[in-house]
Amino acid sequence: MKKGNLLRISMMQSHIIWEDIEENISYYGELLRRVKGKADVAVLPELFTTGLSLRPRDLAQPVSGTTVTALKNYSAEYDIAVTGSFMASDNGKYYNRAFFITPDGKEYYYDKRHLFGMAGEDKCFSHGDKRLIVEYLDWKICLMVCYDLRFPVWSRNVDNEYDLLIYVANWAESRKKVWKTLLQARAIENMCFVCGVNRIGVDAREFSYHGGSLIYSPKGKKLYDAGEKDAVTLTGTINRDDLEALRAKFPAWQDADKFIING
């Protein structure tokens, strides 16, 4: 894919087989195969190999493990960047680690900062403390994970640092209105495209997920909607010309507050 102003994004909204790493790798690998030649970036849900399990001691892998190895192979074979998150082990700690892997073998990682204490995530995983902005095909992409969506300062787009904000999630159906509202708000306040990809189904902890994967424009217009409940791979195209035109015509970003985040 040549660099340019268009970016094709495939939102892979589907179920997750509980704690079965090999089956999930195989399943999502097939979904990736199906979008070969049709997308530049494929977005998988949060913790796509396990679901929101609290057993990282048994399930977490280093970045040299089978999960990332398979993702790198898929990315190269299908010529598509792949992003999502998995359970990672690193120097005796465990992280809900987002990844962005490119066809040429580059790999980037972001550890989820805001752990969902109401589900016990903070008891099993360590907090991340560094944001990630990836440059890919002339696009600057910021990667976040699920509960991060509720904390706008963490995603603040100071001086147009990024063009696209991606959230991967296991977002409960009971809060689906909040999901849609906050995705739209992040797009408007940060003057960027926003893509949110959520899983579907019911997990072993009896949490229900509705999907509702979406892409919003920098004006907050809903561009692509994968709908609810069904397993869907929806591919949409975003255009940076639209983004740059808005930033030039309505440069609210010039008046944005600067933040220093501690801790």
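Taking a ≥ b ≥ c as the square roots of the eigenvalues of the alpha-carbon gyration tensor, segment 41-180 is classed oblate because a/c is 1.5 or more while a/b is no larger than b/c.
Straight Cα distances below 19 angstrom link Lys106 to the lysines Lys2, Lys3, Lys36, Lys72, Lys130, Lys140, with same-chain residues fewer than 8 positions distant left out.
Using only the Cα atoms of segment 5-91, build the gyration tensor, take square roots of its eigenvalues as a ≥ b ≥ c, and label the shape rounded, prolate or oblate: rounded if a/c is under 1.5, else prolate if a/b is larger than b/c, else oblate. Prolate is the answer for segment 5-91, as a/c is 1.5 or above and a/b outweighs b/c. Computed with a 1.4 Å probe over protein heavy atoms only, the accessible area of Ile238 comes to about 0 Å².
Ranking Asn198, Tyr162, Ile101 by how far each Cα lies toward the positive end of the dipole of the chain (charges on Cβ) leaves Tyr162 at the top.
Under 15 Å from a point placed 7 Å out from the Cα of Asp138 along the Cα-to-Cβ direction: which residues of segment 243-259 have their backbone N that close? Residues 243-245 qualify, since their backbone N sits under 15 Å from the label point.
For segment 79-127, just say rounded, prolate or oblate: build the C-alpha gyration tensor, square-root its eigenvalues into a ≥ b ≥ c, call rounded for a/c under 1.5, and beyond that prolate if a/b exceeds b/c, oblate if not. It comes out prolate by the Cα gyration axes. At the residue level, Asp230 shows approximately 100 square angstrom of accessible surface with a 1.4 angstrom probe and all protein chains present. Only helices enter the 222 nm calculation for the chain: every DSSP H run of n ≥ 4 contributes -39,500 (n - 2.57), and dividing by all residues gives -6500 deg cm²/dmol, rounded to 500.
For Lys177, the lysines whose Cα falls under 26 Å of its own Cα, not counting residues fewer than eight places away in the same chain, are Lys112, Lys219, Lys221, Lys222, Lys229. Inter-label distance, His127 to Leu54: 1.9 nm, where each label sits 7 Å from its Cα along the C-beta direction.
The values are calculated or read from the model by the stated rules, or taken from the named source; none is laboratory data. Because the structure is predicted, anything quoted here is derived from the model rather than measured. A quick note on method: Cβ atoms are made from the backbone with ideal geometry, for glycine too, and the neighbour counts reach across all protein chains shown. These accessible areas exclude ligands, DNA and RNA; they are computed on the full protein's heavy atoms, side chains included. Shrake-Rupley method; radii C 1.70, N 1.55, O 1.52, S 1.80 Å.
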